[in-house]
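Have a look at the structure below, then the notes.
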Amino acid sequence: MIKVTDLSFSISGKEILNNVNFSVDDNTSLIISGPSGAGKTKLLEIISGFERSYTGKVSIGGSPLENLGDDLYDMISYVSNSWLENTLSEKVMSDLVFPLELKNLPEHVIKEKLDRIISVFNLEDLIDVPPMNLSGGEKQFVNICTMIIKEPKILMIDDQMTMIDRGKREIIFKEIIRSKKHTAVVISKDTNIYSEFDKILFLDKGSVYYFGDTVTFNKEHRSKLIDTGLIEK
């Protein structure tokens, strides 16, 4: 379980997150949404251990974040938009196996995991392509595959499905969200995918506007937020 209690974060006197509280059960899914500047990315950076100058408490599996040490990076894969933008690899395959090589896994284990990810996510046509030659949607898709290959307990995806085509997006929903193999936390402003998730955390100006099940949110809040311009149709 991920549990966030009274979390606040400021930078140069500007409040980014204010008294945020929520929890995510194991093997369930949460979508984090809200307008630009609401603090969504900063929240994921904190939970993933990349930002430590916050107040409040964050725990994973009952252990405070600060006590997890290197175990945190085995538990969580954080998919940002920078991975394939900065890679110098000649082929997508090299990026896919890199997280496994970091763990010093035997070659036969790496091959098994690579073969599985290629098959499940239909990557046959992309593995030999230079990352710089991928389209925007293909980069986002491979970003996700690169982080899922190490089979983390928690997968966090920071707005990485905006350009992915419908077919590849369906694979992600099937293998990551609906399968319940991972705890999935996804940032997105796409209201059309809210119903794919168990719960939604909607942030506005760094504070929690709503936290709960997506069915209730869509029924009682979605239309009002569209009318006020906080979300788009």
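Quick notes
- Scanning segment 167-203 for residues being of a type in the set (Phe, Trp, Tyr) and either surrounded by 21 or more Cβ atoms within 10 Å (Cβ to Cβ) or part of a strand (DSSP E or B) (or both) gives a total of 2.
- Note on segment 24-83: enclosed strands (runs of 3 or more DSSP E) holding 3 or more residues that are of a type in the set (Val, Ile, Thr) and out of contact with any His (no Cβ under 6 Å at 6 or more places or on another chain) are 55-60.
- Failed criterion for ILE164 (all others in (1) more than 28 Å from ASP71 (Cα to Cα); (2) surrounded by 16 or more Cβ atoms within 10 Å (Cβ to Cβ); (3) at pLDDT below 90 hold): (3)
- Flag for VAL109 being farther than 29 Å from ASN192 by Cβ and either at pLDDT below 95 or not in a strand (DSSP E or B) (or both): yes
- Residue check, ASP95 surrounded by fewer than 13 Cβ atoms within 10 Å (Cβ to Cβ) and either within 20 Å of MET161 (Cβ to Cβ) or among the polar types (S, T, N, Q) (or both): no
- Against the test of being touching an Asp or Glu at 6+ places or on another chain (Cβ under 6 Å) and farther than 11 Å from LEU203 by Cβ, the options GLY56, GLY13 yield a single qualifying residue, GLY56.
- Selection status of LEU65, of a type in the set (A, V, I, L, M), within 18 Å of ASP26 (Cβ to Cβ) and either surrounded by 11 or more Cβ atoms within 10 Å (Cβ to Cβ) or modelled with pLDDT under 90 (or both): yes
- Test: residue in segment 112-123 that is outside any strand (DSSP E or B), small (Gly, Ala, Ser), within 25 Å of GLU90 (Cα to Cα) and free of Cβ contacts under 8 Å to residues at least 24 places away in the same chain: yes
- Total residues in segment 26-40, condition among the polar types (S, T, N, Q), out of contact with any Lys or Arg (no Cβ under 6 Å at 6 or more places or on another chain) and closer than 23 Å to GLU15 by Cβ: 1
- Unique residue being touching a strand residue (DSSP E or B) at 6+ places or on another chain (Cβ under 9 Å), of a type in the set (D, E, K, R) and on the phi < 0 side of the Ramachandran plot when the list is ARG166, ARG178, ARG222: ARG178
- Checked against the criteria, GLY56 counts as on the phi > 0 side of the Ramachandran plot and modelled with pLDDT of 95 or more.
- Residue in segment 204-216 that is touching a helix residue (DSSP H, G or I) at 6+ places or on another chain (Cβ under 8 Å) and in a helix (DSSP H, G or I) present: yes
The values are calculated or read from the model by the stated rules, or taken from the named source; none is laboratory data. Please read all numbers here as calculations on a predicted model, not as lab measurements. Because the Cβ atoms are built from the backbone with ideal geometry, glycine has one as well, and the counts that use them run over all protein chains shown.
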